[in-house]
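Every number here is computed from the coordinates shown, using simple stated rules; none is lab data. These numbers come from a predicted model, not from an experiment. All Cβ positions, glycine included, derive from the backbone under ideal geometry; neighbour counts span all protein chains shown.
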Amino acid sequence: MPDFSRRDLLKSAAAATATAAAAALSTAAHAQTTSGPAAAAPVVGIQIGAGPLAGDTDHLLDTLRSVGGINSLFLFIFGHEARFVPWPPATFRGGNYAVPHMQYYNGSGLALEDLRAPEYPDLDILDRAMKATRKHGFRTFALIEEAEGQPQTPPWQAFYEFDYLGRRQRNPCSNNPGYRAFTLGLVEDYTRSYDVDGFMWSSERQGAFTNALGARHGGASSDPTRVTCFCEHCTTRAAARGINVDRAKQAFAALADFVRAGRANKRPRDGYFVTLFRLLLKFPELLVWEQFWIDSRRQLMIDLRNKVKSINPHTPVGIHVWHNASFSPFYRAEIDFADMAQNADFIKPVLYNACAGSRIKTYADSVSHTIFGDLPPDQILQIHYQFFDYHQPPYDKVAAAGFSTDYISGEIKRTLDDIAAAPPDHPVPVYAGLDCDIPGAAYTADSVKASVLAAFHAGANGVIFARNWGEMNPLHVAGIGAAVKELGIS
């Protein structure tokens, strides 16, 4: 089992900050009872995996409250990523850390042993967490991570996408009926069996066109032909929409040739941008297929929320928006907050300012060999700053420096303005996704505090910290508590 010897450090941090954090509790926080959290309190949330919740939950929640002013947990209660638990990768399998109630998974093709995580075989972590959070007045949200490392076993493989060459890939398909049955069953199970306070849906993916171009942070795939999805379910639905599937496959084969040449530093005669635009004129199916993929994912998100609302209309279902929206103008174009708000109960735009510098640099490096290959990476970065109205460090300094908190303020205001432009018929709070101790960036308690202040001063309704508590230094988390004290919230 993993070593949770961080407890001594937590106790020290809690003792050092308990008095100050307790003074920061608002009147609303003191009014909370053991029957449930105060709905009016702004969300001060943190993502957390099963590992810490398997231990002394009373001590854990007292620590989170006293050190960080935390009042909401976003639980990685289902997943196949060891870092979210956390658990040593060599012995990790993952799955559902609640006990699956199999009547809700009809049509998925999954058995109990496919779903149930083996790491804590004698514990129902979600039940344990819900009882503790109710007692301590925390809100508890299930974080549904759509595409995080599902296993390569036959029942799961049946859900995965196919590329245009007919090869199975590693992410689930939004049009796959088995995957839809599993996803809708999971939220029904958690709503009926555990009465969670809400859900947050996370889908950090994009379509075939933008994936082939490597228009994402973290670097590009080494093989531009492994783009999706061309499974039988997608091709049948696409054909019903009047899309020529064979032409789409030809289009992506031509795009792959363009990308491979660029990554081999073979500049097209007419340059990268002109050549790519010529491909789009010849094969409009490239963008048509991208839109088809976006629409398919959007429909799954809507169906997920509708499933929850059909059981309990008061259970909120929110959407986590991938950090790539801050780097790629193509992905940003896919994210329409006004439209999203019509089918969401809250929106969490990821605004990780500390690690944004290293991430946007990897994005600029990637597209410097495809669509923006006519320019060096430093100029690409400056152009993107103009696209997004950013005023951030230059290429040679941005990875180490990260983004300033002005980035958080500006993006919160943009999100609120977008929602206000086409207001939904229900309130849609905006919770800023903030970072603490994500690898590749430097953090201090003061830098974490500054990010919280920037979000709330810009009009955010709450904050949610990532990646998860098991990876965070409690001394840095104390910066959240300091901001909570200054703002007078909990």
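In terms of Cα to Cα distance under 17 Å, which lysines are near enough to residue 449, apart from those fewer than 8 places away along the same chain? By straight Cα distance, residue 449 reaches 485.
Separation of region 143-194 from region 446-490 is 33 Å, based on Cα centroids. D by Stokes-Einstein for region 393-483, Kirkwood Rh over Cα pairs, 4 °C, 1.567 mPa s: 92 µm²/s. Using θ = phi - 60° in the Karplus curve 6.51 cos²θ - 1.76 cosθ + 1.60, the 3J(HN,Hα) couplings for region 350-362 round to 6, 10, 6, 6, 5, 8, 4, x, 5, 6, 5, 5, 5 Hz; x is entered for Gly and Pro. The phi-based Karplus calculation (6.51 cos²θ - 1.76 cosθ + 1.60; θ = phi - 60°) puts the 3J(HN,Hα) values of region 163-170 at 7, 6, 8, x, 9, 6, 10, 10 Hz, whole numbers, x for Gly and Pro. In percent, rounded to a whole number, the relative contact order of region 47-122 is 29, using alpha-carbon pairs under 8 Å and six or more apart.
With θ taken as phi - 60° and the Karplus curve 6.51 cos²θ - 1.76 cosθ + 1.60 applied, the whole-hertz 3J(HN,Hα) list for region 423-428 is x, x, 8, 8, x, 10 Hz, x standing for glycine and proline. Ordering of 62-74, 373-385 by packing is 62-74, 373-385, highest average first (other Cβ atoms within 10 Å, averaged per residue).
Across region 7-487, the mean sequence separation of Cα contacts (distance under 8 Å, 6 or more residues apart), normalised by length, yields a relative contact order of 18 percent.
With unit charges on the beta carbon (Lys/Arg positive, Asp/Glu negative), name the residue among 363, 448, 108 whose Cα is farthest towards the positive pole of the charge dipole of the chain. Ranked along the dipole, the leading option is 363.
Note on residue 260 and residue 442: the model spin-label points, each 7 Å out from Cα along the C-beta direction, lie 4.3 nm apart.
Which entries of 307/413; 249/282; 309/348 show an alpha-carbon separation above 23 angstrom in the structure shown? Table pairs above 23 Å Cα-Cα are 307/413. Cross-link reach is defined here as a Cα-Cα straight distance under 12 Å, omitting same-chain residues fewer than 8 places apart; for residue 397 the aspartates and glutamates meeting it are 378. The packing ranking of peptides 111-121, 446-456, highest mean first, is 446-456, 111-121, where packing means the average number of other beta carbon atoms within 10 angstrom of each residue.
Beta bridges per DSSP, both residues in the chain: antiparallel share near 15 percent.
If I stretch the segment between residue 253 and residue 123 completely, what's the gain in nm (0.36 nm per residue apart, minus their alpha carbon distance), one decimal?
41.9 nm is the gain from fully extending residue 253 to residue 123.
Straight-line cross-link partners of residue 131 among the aspartates and glutamates, defined as a Cα under 15 Å from its Cα and at least 8 positions apart when in the same chain: 56, 58, 62, 195, 197.
What is the packing order of peptides 279-287, 406-414, 53-61, taking the mean over residues of other C-beta atoms within 10 Å and listing the highest first?
Final packing ranking: 406-414, 53-61, 279-287.
Computed from Cα atoms alone, the Kirkwood hydrodynamic radius reported for region 7-487 is 23.3 Å.
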